[in-house]
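S.K.: Okay, handing you the structure first.
The values are calculated or read from the model by the stated rules, or taken from the named source; none is laboratory data. On a predicted model such as this, the values are computed, not experimentally measured, just so you know. Neighbour counts run over all protein chains shown; Cβ positions are idealised from the backbone, glycine included. The area values use the complete protein model at the heavy-atom level, side chains included, leaving out ligands, DNA and RNA. Shrake-Rupley method; radii C 1.70, N 1.55, O 1.52, S 1.80 Å.
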Amino acid sequence: MPTGAPGARRNYVLLSAFLFLFFFAQAVAMSFLSIWLKGPMGLTGVEAGTVFSANFIAAMLCQPLYGYVLDRVGLKPRVPLFIAGMVVMCGLFFPFVYAPLLHADVVVGAAVGGLYLGLTFVAGSFALESFVDRVGRRYGFEYSRARLWGSLGYASAAVFSGRLYNIDPGINFWLASVAGLLLIPIILAAKIEPDAAEQARAQALTPKESLSVLGQRKFWGFMVLILGVTNLYLVYDQQFPVYFASMFATPAEGNVMFGYLNSAQIFVEAGMLLVAPFIVMRTGAKNGLLIAAAIMIVRIGGSALVDTPLGISSMKMLHSIELPILAVSIFRYIAYHFDSRFAATVYLVGVSFGHSLGLAILSPIVGKGYDLFGFKTTYMFIALGALAFWIASCFALSTTPRTDARGRPLDEGEQAPAARPAAAN
């Protein structure tokens, strides 16, 4: 619990509660999306891939705007309020808009659903994480310590979401709306007071300045890992619940077991979010990124080799180790190598937009692979591609020393780059 800057404790508690409820809503709305699409909606693997592709295309269009707006408004909570409002509409959107459109025309349904899900849960989650990281650097608390409550929220939903899905998928969507209603008073109760000079610099930011990061070599070196390894991992994970459920006697049993496993995995993930800052502090952000990416490759390749419920469950649990190391490493890498004015743009354009661009392209291709070759063979191809990008990332990523939560070097005598003085709040 932070005790440094005035208001740190209050803001930490409220933002932790906000992330808990947001990721709770994301879990109940999105965890079984692939099963919902291929079950009640009756879509094929290619059609489901098209829907996921539409989600990420829509998110891709929103992410640069989210990034610029976050950098422009600084610590004002306008983006979290907007996302909370979108979450509130979840219970109405899925049964009364999304499902009828998918039945009538998959392409139209995918486009409309992609806009909503992209804004709310895909690009929206990245925008919230960037906002919390910025507030954490202002008030002196580690992003991962607040983010762990998001994992606990996701895990809490996963405990019962499988059983509720088997009763009626609509129950999960209405629970997401209830969580959204609670998000609004929580973010309004936060007392986030930006540094006057920092806020003035943020409000003076122009779109041209914001996009200047695209001309930096370090940005594109960073993107080798994001566009390569992490995108392949995410497209592998999209329809993983379907493959997992196939390991059981009935899909219903598999859905329930996936909910339980998802919950266990996320509780472990929450504990790892406490440990990850110490790991990355000792390894440096570059090595942290490479370690996390290596675990991703092991999980993808391992899923192609195991053929029992216990084996595939062990592969799922690797996510609880990889994600915390990746999240902390990404924010520390950005804090060290880029000006703080552009932090949200780097994260939303580099990480979030990069993911959406890659997934928009890869989702239909991998969906076709599942239909033609099955999960195991497709997983092996994905693992080999990710390994090639991991090797390239060893050379493309910029060297990063051991740093604190604000990106400041810890090694004695280590000097930050010229742009770094502006990166700490």
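S.K.: What do you reckon, is L119 in a helix (DSSP H, G or I), within 27 Å of V213 (Cα to Cα) and free of Cβ contacts under 8 Å to residues at least 60 places away in the same chain?
M.R.: no
S.K.: Which condition from (1) at pLDDT below 90; (2) open to solvent by 10 Å² or more (accessible area, probe 1.4 Å) is the one that L188 breaks?
M.R.: The single condition L188 does not satisfy is (1).
S.K.: Every residue in the stretch 245-265 that is part of a helix (DSSP H, G or I), aliphatic (A, V, I, L, M) and more than 17 Å from Y165 (Cβ to Cβ), please.
M.R.: Correct list: A264 only.
S.K.: Among L348, L323, which is in contact with a helix residue (DSSP H, G or I) (Cβ under 7 Å, 6 or more places away or on another chain) and at pLDDT 85 or above?
M.R.: Answer to the selection: L323.
S.K.: For R9, all conditions in the list (1) out of contact with any Gly (no Cβ under 6 Å at 6 or more places or on another chain); (2) surrounded by fewer than 24 Cβ atoms within 10 Å (Cβ to Cβ); (3) modelled with pLDDT of 95 or more hold save one; what is the number of the exception?
M.R.: (3)
S.K.: Are any of the residues in the stretch 292-304 free of Cβ contacts under 8 Å to residues at least 40 places away in the same chain and either outside any helix (DSSP H, G or I) or open to solvent by 20 Å² or more (accessible area, probe 1.4 Å) (or both)?
M.R.: yes
S.K.: Condition first: assigned to a loop (DSSP other than H, G, I, E, B) and either at pLDDT 90 or above or open to solvent by less than 30 Å² (accessible area, probe 1.4 Å) (or both). Now tell me which residues in the stretch 12-41 satisfy that.
M.R.: S31, F32, M41
S.K.: Of the residues F342, F338, which single one is modelled with pLDDT under 80, aromatic (F, W, Y) and more than 29 Å from G302 (Cβ to Cβ)?
M.R.: Sole residue among the options that is modelled with pLDDT under 80, aromatic (F, W, Y) and more than 29 Å from G302 (Cβ to Cβ): F342.
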